[in-house]
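Below you'll find the structure, written out as structure tokens, and then a few comments.
The values are calculated or read from the model by the stated rules, or taken from the named source; none is laboratory data. These numbers were taken from a predicted model, which means no experiment stands behind them. Here the Cβ is made from the backbone with ideal geometry for all residues, glycine too, and neighbour counts use every protein chain on show. These area figures cover heavy atoms from the full protein model, side chains too; ligands, DNA and RNA do not enter into them. Shrake-Rupley method; radii C 1.70, N 1.55, O 1.52, S 1.80 Å.
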Amino acid sequence: MTQCYKGGHDFPIEDEHGAYCEEHGVTAIWKHPHQTERPLSGAGALRRCSSSESATGRETALSVGSARVCIVDELVERVDGRDRVLGVVSRREAIREGWLHRVAVTLCRDESGRVLVHRRSEQVPRFPGLHEVVVGGAANVGESYEEAAARELAEELGIRVLPRLLFTFVNRSGLSPHWLGVHEAVLPDAVIPDPDEVAWHGWLTEPELRSALLDWRFTPDSHEVFGRYLAFRGTQT
């Protein structure tokens, strides 16, 4: 059996096509080696991985550059180019169709100004094993950017804090285009990451982070997010 990544339990519904958890609104889909599928929108950036490339050999995956991404499902709000809500869709559908939706992330610093960097678990559905300079995820239906960012910090780092929203922009360098709300929060040194989400974490000075961005494998949008964060901070001084 495959486990629901949100509930940590076996999917109650599973067959040869995929699995579904009604309680958490999560869908996993997979295919067998002999099956073929049409490419998603934006095929120049995304390609299907063969089942042998996926973690289980059964799940359907995407590749963004060298990063592997497994398809799971959750409900999000589809928004327009001015960030106005158009309706509720599944995130899988939003990714497939290239529809804008909302994602909230937080750049975390300690009191000395170091930046929290983490490596994503190999078990997470999107960009497993890659480093990241922010913590976050898709906003649930009805959530504000701040609420979504705070929830993600609690889920991934065990920290309950209300981060400060700095700016939003349409991010086209990730898995699919989306409105990205970038936040900042000052955290204590001793965070307790969820091992199902985070494989490693460390506090880096800005020079150390700049070097790491050149040498380590980061999620596709980490460079742009950090660059925009530095540019925004420069306008505030």
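Odds and ends about this structure:
- The calculated P(r) of segment 137-197, using every Cα pair and 5 Å bins from 0, goes 4, 18, 24, 24, 18, 10, 2 in percent.
- Seen from Arg109, the other residues with C-beta closer than 14 Å to its C-beta sum to a net charge of -3, counting Lys and Arg as +1 and Asp and Glu as -1.
- Near-label residues of segment 132-146 by backbone N, under 20 Å of a point 7 Å along Cα→Cβ of Phe232: 132-140, 143-146
- Residue-span extension gain [Glu155 to Arg172] - 0.36 nm each, minus C-alpha spacing: 3.6 nm
- Rounded to the nearest 10 Å², the accessible area of His178 at probe 1.4 Å: 10
- Using a simple spin-label model with pseudo-atoms 7 Å out from Cα toward Cβ, Glu93 and Asp189 lie 4.9 nm apart.
- Amide H contacts for Phe167 (H built 1.01 Å from N in the peptide plane; partners 5 or more residues away or on another chain; cut-off under 5 Å): Val182.
- Between Thr235, Tyr145, Phe218, the Cα set farthest toward the positive side of the dipole of segment 115-237 (charges on each charged residue's Cβ, about the Cα centre) is that of Thr235.
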